[in-house]
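Enquirer: Input: one structure, supplied below.
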Amino acid sequence: MSKESVNITHGGDLDQAAKQFGIAREQWLDLSTGIAPWSWPVSEIPTTVWQRLPAVKCPLPVVAADYYGCVADAVLAIPGSQFAIQTLPQLFPQNTRVAMPQLGYFEHRKAWHKAGHSLFDYNDGSLDLLESKIEGGELDVVLAINPNNPTTTLLGRDRLLHWCELLARRGGCLIVDEAFMDSEPGMSLASECPRPGLIVLRSLGKFFGLAGLRLGFVLAEPPVLELLSERLGPWAVNGPAQYLGQRALADFDWHAEQRQRIASAMAEQIALLKTIAWGDKSSVLPGPLYCSIAMPLASVDRWYNQCGQQGILTRRFVRCECDGLLRFGLTKDAGQLQRLAAALRLQVAQGNSQS
Ligand SMILES: Cc1ncc(COP(=O)(O)O)c(C=O)c1O
């Protein structure tokens, strides 16, 4: 498979996996996404919410502002952060010079490329060249995916705010995709919004485990939100999403429990991956809702296929010609973790490379 087609394929496609490996859909352990395996407990939705058009002036931005630590004027609700990813490049003049991580959620690259802009790839593990370009005024927009999916790199607030200031001075901007930031609210730039040159994207799909709800937010200065709002048109966020989103965002006890649950499950999973197959600490990259293992491309393919043959769906990414990442989503309980452990042990016993 080519680099582009591997990196752009979304996770969670069990029908394709069932076809490829000849295993029935319901027998899979799906670790191919970064969606929390425990969802916010969806409450019953009153019939009126289904009957009426979505409210134009609903409390959702106010509740979201409270959760994100900013003011409601800086918040626009959207049908998933994907909407902003697709639309933001259309707000900039052609040939805008935009920097983005070499490897990251591929929809960003697709959208900026499609809108005809000039792309500069940076390696989020080594930022010197990017920073010299920002300082030299060679870039108009910098996109950071923080934490990055799938590299797991988490950039510090001070560094990002410094970039934002330099870019804003020349009329440019910093876009921070924080789809996976809910586990680490202290690292977020959400509370800095609105600020000149800063656009932050948030999602209810990952931490809240509500990917199907299609709800996310853009946090930015009001003129940016107005431009996006025009492109959204009326009723883009449906009534049930408004209703459930308000309740999920206001459920602070559940947020604390979910952070705890995710942290302990991830620690257990990482310990298991290291014990069974990847004792070399440096190759295991712990992320918020997934962890990635860096290894030669041939090993990525081998592990991916052998996991697939045992009904465990992972995701693979290509970093360069010879190197890639194998990403594991979070297991939900001891049963799933044991199933993963047994599959990996079998592969090690059969002589799969430990690289
Ligand atoms: C880094 C990142 N940002 C944004 C998205 C889009 O998420 P959503 O549209 O569900 O909010 C994804 C989806 O996988 C993602 O990985």
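Enquirer: Run down Pro54, Pro61 and say which single residue is surrounded by 17 or more Cβ atoms within 10 Å (Cβ to Cβ), away from the ligand (no atom under 16 Å from the Cβ) and under 21 Å from Glu192 (Cα atoms).
Expert: Selected residue: Pro61, the only one of Pro54, Pro61 that is surrounded by 17 or more Cβ atoms within 10 Å (Cβ to Cβ), away from the ligand (no atom under 16 Å from the Cβ) and under 21 Å from Glu192 (Cα atoms).
Enquirer: Out of region 93-107, which residues are open to solvent by less than 40 Å² (accessible area, probe 1.4 Å) and within 12 Å of the ligand (Cβ to nearest atom)?
Expert: First pass over region 93-107, keeping only residues open to solvent by less than 40 Å² (accessible area, probe 1.4 Å): 96, 98-101, 103-104, 106-107.
Those that are open to solvent by less than 40 Å² (accessible area, probe 1.4 Å) and within 12 Å of the ligand (Cβ to nearest atom): Met100, Pro101, Leu103, Gly104, Phe106, Glu107.
Enquirer: Output the residue which, of all residues in region 66-92 that are in a loop (DSSP other than H, G, I, E, B) and closer than 17 Å to Glu230 by Cβ, is nearest to the ligand (Cβ to nearest atom). If you could, list the steps in order and put the result at the bottom.
Expert: Filtering region 66-92 for residues in a loop (DSSP other than H, G, I, E, B) gives 69-71, 79-80, 92.
Checking which are closer than 17 Å to Glu230 by Cβ leaves us with 79, 92.
Values: Pro79: 8, Phe92: 19 Å.
Ranking the candidates gives Pro79 first.
Enquirer: Among the residues of region 113-133, is there at least one that is more than 16 Å from the ligand (Cβ to nearest atom) and in contact with an Asp or Glu (Cβ under 6 Å, 6 or more places away or on another chain)?
Expert: No, that holds for no residue.
Enquirer: Answer with yes or no whether Lys110 is within 16 Å of the ligand (Cβ to nearest atom), basic (Lys, Arg) and either surrounded by 14 or more Cβ atoms within 10 Å (Cβ to Cβ) or touching a residue at least 12 places away in the same chain (Cβ under 8 Å) (or both).
Expert: Judged against the criteria, Lys110 is a match.
Enquirer: Please work out if Ser118 is in the same structural domain as Asp177 (by TED's automatic domain parsing), touching a Lys or Arg at 6+ places or on another chain (Cβ under 6 Å) and more than 27 Å from Trp235 (Cα to Cα). Break it down stepwise before answering.
Expert: Details: in the same structural domain as Asp177 (by TED's automatic domain parsing): yes; touching a Lys or Arg at 6+ places or on another chain (Cβ under 6 Å): yes; more than 27 Å from Trp235 (Cα to Cα): yes.
Yes, satisfied.
Enquirer: Checking Ile35 against (1) in contact with a strand residue (DSSP E or B) (Cβ under 8 Å, 6 or more places away or on another chain); (2) more than 14 Å from the ligand (Cβ to nearest atom); (3) at pLDDT 95 or above; (4) open to solvent by 30 Å² or more (accessible area, probe 1.4 Å), only one condition comes out false. Which one?
Expert: So Ile35 meets the others, but not (2).
Enquirer: Look through region 143-158, keep the residues that are more than 11 Å from the ligand (Cβ to nearest atom) and either of a type in the set (A, V, I, L, M, F, W, C) or without any contact (Cβ under 8 Å) to a residue 24 or more places away in the chain (or both), and return whichever of them is nearest to Thr9 (Cα to Cα).
Expert: Leu154
Enquirer: Which condition does Arg202 not pass, out of (1) open to solvent by 50 Å² or more (accessible area, probe 1.4 Å); (2) among the basic types (Lys, Arg); (3) not in a loop (DSSP other than H, G, I, E, B), if it passes all the others?
Expert: It is condition (1) that Arg202 fails.
Enquirer: From the residues in region 10-21 that are open to solvent by 70 Å² or more (accessible area, probe 1.4 Å) and assigned to a loop (DSSP other than H, G, I, E, B), which one is farthest from Ala111 (Cα to Cα)?
Expert: Filtering region 10-21 for residues that are open to solvent by 70 Å² or more (accessible area, probe 1.4 Å) and assigned to a loop (DSSP other than H, G, I, E, B), the one farthest from Ala111 (Cα to Cα) comes out as Asp13.
The values are calculated or read from the model by the stated rules, or taken from the named source; none is laboratory data. Only a predicted model underlies this, so the values are computations on that prediction, with no experimental measurement involved. Here Cβ is always computed from backbone atoms with ideal geometry, including for glycine, and neighbour counts include all displayed protein chains. What goes into the accessible areas is simple: the full protein's heavy atoms, side chains included, and nothing from ligands, DNA or RNA. Shrake-Rupley method; radii C 1.70, N 1.55, O 1.52, S 1.80 Å.
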